[in-house]
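Here is the structure we will look at, set down as structure tokens.
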Amino acid sequence: MQLIKALSLRLLFGVVSLLIISFVTFIASAVAKGDPATYVAGEKATKEQYLRIRHQMGLDQPLMTRYGIYLENMAHGDFGTSYQGIHEPVADVLKRTVPMTAKIAFLAIGLASFMGITLGTLAAIRENRGLDRSILTVSTLGVTLPNFVLAPILVYIFAVKLDKLPVGWEVQLRGPEWMYLLLPVVVLSLRPTAMLTRLTRASMVETLRQEFIRTAIAKGVPPFRLITKYALRNAILPVVTTIGTTFGFLLTGSFVVERFFIMPGIGSKTIEAILSNDLPVIQGCVLATGAMFIGVNTVVDMMLPILDPRIREAQV
Amino acid sequence: MRKKKLRDPLVWGGIIFMVALVLFAIFGPFLPAGVKEPVYDPVGLPHLPYGSAHAALGTDEIGRSFLQRIAYGARVSLLIGITVQLINLTFGVFMGVVSSFAPKWIAGFVMRLTDGMFAFPDILLAILIIGILGPGWFPVIVALSITGWPSIARLTKTQLATIKEREFVVAARAVGAPTPYLVFKHLLPQMSGILLAVTMIDLAGTILAESTLSFLGIGVQMPMPSWGGLINNARFQMNSYPTEIIAPCVVLSLTVFALNFIGDGLRAYFDPKSSNV
């Protein structure tokens, strides 16, 4: 019962965040210069045509009514249409681009979680020895190095000099897909990996000093079981929370990585839309990216009370 | 308490680098210019590789000295970074003070706003703002200022909460010091050190964010050079002119490292209790 209450509380928080982000993107169209009706009506429209279109689009309504219409349209899957090109519906644009971004983001966060927790645990076991020092140094570099510095280095080594991997995405893939995904995912996962490594290390070092670990050692628990079952289980909580927040950094990187590797994802679409002043697409993309961010955070938040009964009780 | 000297070699390394960078930004554009007599390559452009006679790092595709371009980029990146940081500092400290001293309903609103800003990824809001205003250096400053102040506001609030209870503050209030006097004469001077440290770290973040936006092509627009823009420009000719991508990357990374070293060192110096993960 407590669990259900804690979970629904988090779900509610997620929904409220979604509403806030939809309002922010809605406001964008209200403050942006230029009237959407002029874009739709075109340059040759007469005054009456313009006014009719303006009325059809509901632009003569008060702001909050328009927000209501905006939400209602979105509930029907209507995100407006692009100003540019063939006036493609934004929903179609999103359907085309979101899977690509979601794919590299989830692969990257998966890789980062695995690498970060493993490296962090190894570093914590060998605290202050050579291995620990070198893992810490590399992860400090990883936290500070921006993606667009790392990406050219890796591309230069693996794609230009060694000529083993493709430089960027192509419309017609000339090889297995993983070859095209490898460099982007590695670049994208580097920063989260570094952050998770440092966090896991700090959390593990603290846990390993606690008395129940000493008791377990005295009892003769085998080392591997001691680390995975006893220590990691206790040390992992802050790491799980951070996996959620790191997803935000991943989105940041996703813009850069998609742009660098010319991948047809939502990040490069957003930038394209900004460069061509295509407000409905910008709104749709920001909303979709924000929704992904909130979605992942909510899922991670909901996992916490399941993992740790103490949080369950503290919440309710 | 302040007897201890600032000995950390990393901090001094960082400070020396930043001084050198500022000098480079000021005087770099007056270094010997690119090609005197353009040497045309087969494509028809005076595009020199590094180590050429007149330009140590070579020239770009229209014959401008690349070293000079980086110096101009340093001006742009540093000026934008410092401007944004000044705005953030002023606004963040103001909001922090307001949320500590204002009546409850205002303070509550400010705190809710700060928390809300934290829940939203900065880059997304920055991109939306640039999407509204259009690309350029001014929207970059606006976007980074709007997204940057909450961290300073939160820091100010937590710092004030502890300083407020200290004896000298209680004493000052007991003899009737008005709140503005208290804030400007007693509280803010106490936290100036830690604010300086955090500003250095945030400056690194701001320069990085500006470079990211410029790299994406929606920040500072060519012909105004910025490091991010230079990196973006150079990536298409990585094979023939690798230094053009390496040089701005190295300068940018060193700047970010230097500022982080300075910030971390100063924080450890001013606030020894805080440990960093």
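The values are calculated or read from the model by the stated rules, or taken from the named source; none is laboratory data. Because the structure is predicted, anything quoted here is derived from the model rather than measured. Glycine also receives a Cβ, built like all others from the backbone with ideal geometry; neighbour counts cover every protein chain displayed. When the accessible area is computed, the model is the full protein with side chains, heavy atoms only, and any ligands, DNA or RNA have been set aside. Shrake-Rupley method; radii C 1.70, N 1.55, O 1.52, S 1.80 Å.
Quick notes on this one:
- Subset of the range A:109-155 that is more than 12 Å from chain B (Cβ to nearest Cβ) and in a loop (DSSP other than H, G, I, E, B) - its residue that is modelled with the highest pLDDT: A:ARG126
Here's the yes/no breakdown for (1) open to solvent by less than 40 Å² (accessible area, probe 1.4 Å); (2) in contact with a Leu (Cβ under 9 Å, 6 or more places away or on another chain); (3) within 12 Å of chain A (Cβ to nearest Cβ):
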residue	(1), (2), (3)
B:THR162	no, no, no
B:GLU165	no, no, no
B:PHE168	no, no, no
B:GLY193	yes, yes, no
B:GLU210	yes, yes, yes
B:LEU216	yes, no, yes
B:PRO223	no, no, no
B:GLN237	no, no, yes
B:ASN260	yes, no, yes
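- Complete set of residues in the range A:167-190 that are within 14 Å of chain B (Cβ to nearest Cβ), within 23 Å of A:GLY110 (Cβ to Cβ) and open to solvent by 20 Å² or more (accessible area, probe 1.4 Å): A:LEU190
- Test: residue in the range B:142-151 that is among the polar types (S, T, N, Q), in contact with an Asp or Glu (Cβ under 6 Å, 6 or more places away or on another chain), open to solvent by less than 70 Å² (accessible area, probe 1.4 Å) and closer than 30 Å to A:SER268 by Cβ: yes
- Residues (more than 9 Å from every other protein chain (Cβ to nearest Cβ) and within 16 Å of the chain's Cα centre (by Cα)) located in the range A:269-283: A:LYS269
- Taken as a whole, the condition of being away from every other protein chain (no Cβ under 14 Å), over 24 Å from A:LYS269 (Cα atoms) and open to solvent by 20 Å² or more (accessible area, probe 1.4 Å) does not apply to B:VAL183.
- Residue match in the range A:156-165 (condition: without any contact (Cβ under 8 Å) to a residue 12 or more places away in the chain, buried (at least 16 other Cβ atoms within 10 Å of the Cβ), within 9 Å of chain B (Cβ to nearest Cβ) and farther than 22 Å from A:THR197 by Cα): yes
- Residues in the range B:69-123 that are under 21 Å from B:GLN221 (Cβ atoms), within 14 Å of another protein chain (Cβ to nearest Cβ) and not small (Gly, Ala, Ser): B:ILE123 only.
- So B:ILE218, is it of a type in the set (Val, Ile, Thr) and assigned to a helix (DSSP H, G or I): no
Residues checked against (1) modelled with pLDDT under 85; (2) assigned to a helix (DSSP H, G or I); (3) open to solvent by less than 10 Å² (accessible area, probe 1.4 Å):
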site: A:LEU232; (1), (2), (3): yes, yes, no
site: A:ALA235; (1), (2), (3): yes, yes, yes
site: A:ILE243; (1), (2), (3): yes, yes, no
site: A:THR246; (1), (2), (3): yes, yes, yes
site: A:THR252; (1), (2), (3): yes, yes, no
site: A:GLY267; (1), (2), (3): no, yes, yes
site: A:ALA273; (1), (2), (3): no, yes, yes
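- Hey, B:ILE246 part of a helix (DSSP H, G or I), under 17 Å from B:LEU78 (Cβ atoms) and either within 14 Å of chain A (Cβ to nearest Cβ) or touching a residue at least 24 places away in the same chain (Cβ under 8 Å) (or both) or not: no
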